[in-house]
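Written out below as C-alpha cells is the structure these notes cover.
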Amino acid sequence: MRIDVIGRNLEITTAIRQYAESKAEKLPKYFDAVQQTTVTISKEDHQTHGDFGVDFVIDVERHASFVAKATDPDLYAAIDQAIAKAQRQLHDFKEKSKQGNR
C-alpha cells in the first residue's frame, strides 16, 4: 500500500510524516482492498494560532475513493479524528458488502 503525506501551507516534518503513516498503515485491517492513501495536511489560517485541516483520501479497488476530513487546533488530534472517520467508513462499507442483497 502506498502512503503519500502532503503539506499545504506548512512544512511536513519527519515526526508528522511518521505519525500519519503509522495511522494510515492500519487501514487495511478494516478493508483489504486499500491500494493507496493520500494524507493532505493544511494550515487553515496563515497565522500562528490557526486550525489544521487533515484530509484522508483512500483509494480502494472496485469502488470510489473514500474521503475523511477533520479540523482541529492540534495537528495530531486532527489526524486522529480523520483516521477515525476513515476507519468507520471502511468498516461500514465492508459490513455492507458482506451482507449483499438481502
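Read-outs throughout are calculated quantities, based only on the coordinates presented, and are distinct from any laboratory measurement. Because the structure is predicted, anything quoted here is derived from the model rather than measured. All Cβ positions, even for glycine, are placed from backbone atoms using ideal geometry, and neighbour counts span all protein chains on display.
A few comments on the model shown:
- Loop-located GluC sites (Glu not before Pro) in the stretch 4-94 (DSSP state not H, G, I, E or B) with no more than 15 neighbouring Cβ atoms inside 10 Å: 11, 25, 44, 61.
- Top of 26, 85, 43 by mean-square fluctuation, Gaussian network on the chain, Cα under 10 Å: 26
- Considering only the stretch 2-99, percent of DSSP beta bridges that pair antiparallel, nearest 5: 70 percent
- Percentage of interatomic Cα-Cα distances in the chain larger than 23 Å: 27 percent
- Relative contact order (%) - criterion: Cα under 8 Å, at least six apart; region: the chain: 23 percent
- Total lysine pairs whose alpha carbons fall under 16 Å of each other in the stretch 19-102 (8 or more apart, or interchain): 10
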